[in-house]
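Data block below; observations after.
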Amino acid sequence: MQGSLLSFPLPLLTALLCAVIAVLAAQLDLGRRQTAILFSMLFALFGVEALLVALRFGYGVETLVTFQRLLPLFVGPMMYLPFMALAVSVERFPGLLVRHLGGMAAVLLGLQLLPLRLGLADMVIVCSYLFYAVALVWRWWQGPDRLIHARLDAVRNVHRWMLWAAALLTVILLLEAAISVSFALRRSGQVASIISYGSILIILALLGVLFVLPRFLKKIPGRSRPVSVDGEAAKLEAAAYELLTTTKLYLDPDLSAQRLARRLSVPVRRLSNAINESKAMNVSQYVNGLRLAHAAELLRSCDDSVATIMVKSGFLTRSNFYREFQRVYGCSPAAYRQGSPEQRGP
C-alpha cells in the first residue's frame, strides 16, 4: 500500500495544487473580502488534509491519524460560508460564521469525549458533507440575485460555482464512505487504491479551478489609472447614471458590469472603483437601486401585479426583489402600494 502511493504521490501533488490555489484565492475580487479569505482557508484546509493523507498512507506516519480523520469536519462549512458572505448582510454574517464553524468545533470536541470516536467521526463527516451539499444546491436554486454582495460581472459565475461546490462535496462524500466501508471490512489494501483514484478526480477539479481563477483576481496596482473620489470618480459615476437612466439599460436583467463599462469606454475595474468611492456600494447594488426606484414608481402609478412589476424592473427572482425592496423601503411591495404617499420614501 505504501509503495503504491510512494511511486506516484498523488496526495502530495494534491497538497501542492491546493497550496497554490490558496495563495491565489486570497487575491480574489468577487465583491467582499471575506469571500476571498474563506476560499483561501478552504483550499489551505484541503492542502493540509491531502498532506496528512500522504504521510499516513504513503509513508506510514500514524501519529496524526486522529487529526487527519477529524479535520474534514470543517470542509462542509468552509465550502458553504464563502458563498454566504456574498448572500447575507454584513450584520448577519458574523453570527452565521460562529454558528457553522462553532457548531463543528463543538461536534469535534464531543467526538473527542466519546469512545470509538473515529468510527463515529466517519459517519458525522459523511452527514456533514451531505448537509452542506444540499444547502449549496438550495442556495443555487434560489438564483444569482441572492448573491447581493457579488460583483455584477461575476455573479453568474459565482452562482455556477455553488453547484460545482455541491458536486465536489458529493464526490468527497462518496470517497469518504468508500474508505470507511473498506476499513470496516478490513480491506486496508483497497484504501490506497480508493485514495489514488479519488486523488485523480480531485486533481482534475483543482486544475479546473486553476484555469478559471485568474479571471477573478484583483488587478495589479498601477495597470489602470487611480480614480479621485471628488473628481474623476464623481464624473464617471454621473456618466454611468446618465447612460443607465436615459437608455433604461438598468432594466435589462442580463446587464453586467463589463457590458456597462464597454458602453462607457472605460475598464470595468475603473468603473467599479468609481461607483464604490462615489456611492459606497458595488455596481450590483447601484443598478439594483435604480431598479427599485423604477419598481416603486410602477407600484404608485399602475395596476400591474407585483410579479409583473418585478419582471419589468429587471429582477430575476422574487426572493431578491422582495428582500431588497424591504431593505430600502421598509415594507413589502404590496404594503408600499397600499401605503400613504408620506410612507413611500426610502
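The values are calculated or read from the model by the stated rules, or taken from the named source; none is laboratory data. If you're wondering where the values come from, they're calculated on a predicted model, not measured in any experiment. Cβ placement follows ideal geometry from the backbone for every residue including glycine, while neighbour counts extend to all protein chains displayed. Each accessible area value is taken on the protein alone, full model and side chains, heavy atoms only, with ligands, DNA and RNA left out. Shrake-Rupley method; radii C 1.70, N 1.55, O 1.52, S 1.80 Å.
So the values come out like this:
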quantity: Accessible area of the chain divided out per residue, in Å², using a probe of 1.4 angstrom; calculated: 49 Å²
quantity: MRE, 222 nm, helices only [DSSP H, n ≥ 4, -39500 (n - 2.57), over the chain, to nearest 500]; calculated: -22500 deg cm²/dmol
quantity: Contour minus Cα-Cα distance for Ser89 and Arg156 (0.36 nm per residue); calculated: 22.2 nm
quantity: Spacing of the two label points (7 Å from each Cα toward its C-beta) at Asp29 and Arg259, in nm; calculated: 2.2 nm
quantity: More than 33 angstrom apart: percent of Cα pairs within the chain; calculated: 40 percent
quantity: Full-extension gain in nm, Glu62 to Arg323, via 0.36 nm per residue minus C-alpha separation; calculated: 88.9 nm
quantity: Most mobile listed residue (Pro267, Pro82, Pro144) in the chain, GNM with C-alpha springs under 10 Å; calculated: Pro267
quantity: Within segment 30-149: Cβ-based charge dipole about Cα centre, in debye rounded to nearest 20 (Lys, Arg +1; Asp, Glu -1); calculated: 200 debye
quantity: Cβ-placed point charges (K, R +1; D, E -1), dipole of the chain about Cα centre in debye, nearest 20; calculated: 300 debye
quantity: Residue-by-residue Karplus 3J(HN,Hα) for segment 27-38, coefficients 6.51, -1.76, 1.60, Hz, glycine and proline x; calculated: 9, 4, 10, 10, x, 9, 5, 4, 5, 4, 5, 5
quantity: Chain lengthening between Glu242 and Leu108 when straightened (0.36 nm per residue, less Cα-Cα); calculated: 42.7 nm
quantity: Where the Cα pairs of segment 231-346 fall when distances are cut into 10 Å bins, in %; calculated: 14, 43, 30, 12, 1
quantity: Percent carbon-and-sulfur accessible area, segment 253-346, ignoring ligands, DNA and RNA, probe 1.4 Å; calculated: 49 percent
quantity: Folded to 0 to 90 degrees: helix 232-247 orientation relative to the chain principal axis, Cα; calculated: 70 degrees
